[in-house]
Structure formats: structure tokens, C-alpha cells
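This report refers to the structure that appears directly beneath it.
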Amino acid sequence: MRLALVGYGKMGRELEKAAVTRGHQVVAIIDPDVPGMAKEMSAATVKNAEVALEFTQKEAVLNNLEQALKLNLKLVIGTTGWYDDLEKAKELVQQYQGGVIYAPNFSVGVNLFFEVVQRAAEAFRNFSQYDVYLLEKHHRNKVDSPSGTAKKIADIILHQINRKKKIVTESLNRRINEDEMHLLCIRAGAIYGEHSVFFDSEGDEIELTHRARSRVGLAIGALVAAEWIRDKKGFYAFSDVFKSLISGGQNGK
Ligand SMILES: NC(=O)c1ccc[n+]([C@@H]2O[C@H](COP(=O)([O-])OP(=O)(O)OC[C@H]3O[C@@H](n4cnc5c(N)ncnc54)[C@H](OP(=O)(O)O)[C@@H]3O)[C@@H](O)[C@H]2O)c1
């Protein structure tokens, strides 16, 4: 498959390496601040790419999305923090009859973790002696907080455990309310990404953790998404598509 990389930062570079290992060709790289790279998406700069992978910054997403749609390019959006514009993005995809897939985290392992958390939360639902809280850690250069992945994990839990109604991310100078779930974020060093869910009671604690060892899992998942969206139309969340990977409908390797 012929790919365009939009954003040539940490993820763009990882995608370039992973694309080769999956037999794909990177035909275009767009990043305004990298010397020698194309500055924006146009027919000339995306060349004959079939799918573009967008890993930039939240302010750039809608414009890149519209460019991709105008150029008839399928799009994988990995950038996080732009989700207030989801409805607008959906409308654009509908208007142009394009094909787009997005995720706060494309890692196959993290998406399996979402499934594990959902099943765990379901199991703990009726055991009110267990409180639940979240801890998320990322490298010091990450610009958004909590991570999109942590928000997604929180949503999964709030959906399953009725006694929790909202997340609180700030430090509290009061007792936490029964219906609040604490989500703590740490930004330090070079941590690739770590997400933990704790179920805590007087007698014991159950801890579930996903710990990324590198960005390679993210890149491979984004390429799985690119392979999937290549011949599709519509606006998709990777988590929905992932359900079919779990049930064996697609190749998730
Ligand atoms: N969904 C996932 O699985 C996943 C995984 C990892 C990261 N992410 C997200 O993906 C995004 C990028 O992460 P990263 O670690 O690669 O960040 P990064 O190292 O900062 O790279 C982003 C690159 O995109 C460039 N850029 C900014 N605006 C652009 C535009 N309009 N067109 C093209 N390039 C543009 C940036 O240039 P400047 O440095 O000059 O701004 C930078 O080179 C973040 O939102 C991050 O949270 C998602």
C-alpha cells in the first residue's frame, strides 16, 4: 500500500520503519517544520498515496482531515486531544463520502487492555466494597493530559460501574465523593505510556496495568487500521473495528 505520513515526529518516524516491515511504501512525508519535507498536503505533495497517517497536533487535525477528503485520500488519525470536534469531523467525512478511522491509541495491546478493563469492570460492578481509580504516566514532552487512552479507560469504567459518575483529575483538598473516580496523571522522564486500573477494598487490591515498551505497537496498530480503511467509506473508531479483530473477522497481527 502507498502511504503518506502527515507529521514526522516520534510517531511519524516509527511508522516509516514499521511500514517497511509490513511491505508498504511511504511515498510522501508532510511536516512543516522538518527541513526538506513538504509543508502541507496537496495533490503534488501526497503524490499517489492511498492512505495518509495523521500524527501531528490537535490544532492541525480538522484542516488535515479536510485536505485528505478533498484529495480522496483515506485517513488514519492518531493525533489526540481534538475530540471536541468529532461531530464536525463526522459531518465532513459524510459530506465528502470519505473514509477515516481514528483512535486515541492504536496499540493492539492497549485495545486488548480496553477489553480486559471492560470485562473486569463488569465483574466488579456489583461489589460496592471495591473502589476504583486510575493512574496514567507518560514522558515529559506529552502535551495533553489526561491521555486520550486514560479518558477512554475512564469512559469504559463509568459505563460499567454505576456507582461512579465522573472522573476527577485535580488534586483534592477534600474527601472524594462516592460517585467520583480519581484519575491521576504523571509526566516525567521518557515513559512511553503506562495505564493502570486499581480495584481497592479493605481486604485487598487488584491492579491491571498496560505498560508500553516502545512505540512499535502503536505504529503496527495504526498500519492495521490503514490496511482496514483502505477500501472503506465512513467514519470509524478503531475500538469498534477492533471488536471484529477479537472475534477473528480480520487479521490483527
Ligand atoms: N493514537 C495513537 O496511537 C497515538 C500514539 C502516539 C502518539 N499519538 C498522538 O499523536 C500526536 C503526535 O505524537 P508524536 O509523539 O509523534 O508527536 P511529535 O513528536 O511532537 O510529532 C508531531 C509532528 O507533527 C508535526 N506537525 C504539527 N502540525 C503539523 C501539520 N499541520 N502538518 C504536518 N505536521 C505537523 C510537528 O511539528 P512541530 O514539532 O513543529 O509542531 C511534529 O514534527 C500527538 O497528538 C500524540 O498524542 C497518538
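The values are calculated or read from the model by the stated rules, or taken from the named source; none is laboratory data. Predicted model only: the values in this text are computed from it and were never measured. FYI the Cβ positions are ideal-geometry reconstructions off the backbone, even for glycines, and counts take in every protein chain you see.
crowded, with 19+ Cβ neighbours inside 10 Å and either in a strand (DSSP E or B) or hydroxyl-bearing (Ser, Thr, Tyr) (or both): does that describe residue 137? Taking the combined requirement at face value, the residue satisfies it. Of all residues being of a type outside the set (Asp, Glu) and within 13 Å of the ligand (Cβ to nearest atom) in segment 120-146, which is modelled with the lowest pLDDT? Just the residue, please. For segment 120-146, the residue satisfying everything is 143. Among the conditions (1) modelled with pLDDT under 95; (2) more than 16 Å from the ligand (Cβ to nearest atom), residue 149 misses just one, which is (2). Here residue 117 fulfils each of the conditions (1) within 10 Å of the ligand (Cβ to nearest atom); (2) more than 15 Å from residue 237 (Cα to Cα) apart from (1). A count restricted to segment 89-111 and to residues that are without any contact (Cβ under 8 Å) to a residue 60 or more places away in the chain and in a helix (DSSP H, G or I) stands at 4. Among the residues of segment 203-217, those identified as outside any loop (DSSP other than H, G, I, E, B) and modelled with pLDDT under 95 are 216, 217. Of the residues in segment 8-25, at least one is in contact (Cβ under 8 Å) with a residue 12 or more places away in the chain, part of a loop (DSSP other than H, G, I, E, B) and within 11 Å of the ligand (Cβ to nearest atom).
Restricting the search to segment 32-73, which residues are in contact (Cβ under 8 Å) with a residue 12 or more places away in the chain and either in a strand (DSSP E or B) or touching a Gly at 6+ places or on another chain (Cβ under 6 Å) (or both)? 51, 52, 53, 54, 55, 56, 58, 69, listed by residue number.
So that you can scan it fast, the table gives a plain yes or no per residue for (1) in the same structural domain as residue 225 (by TED's automatic domain parsing); (2) touching a Lys or Arg at 6+ places or on another chain (Cβ under 9 Å):
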{"position": "69", "(1), (2)": "yes, no"}
{"position": "79", "(1), (2)": "yes, yes"}
{"position": "90", "(1), (2)": "yes, no"}
{"position": "116", "(1), (2)": "no, no"}
{"position": "148", "(1), (2)": "no, no"}
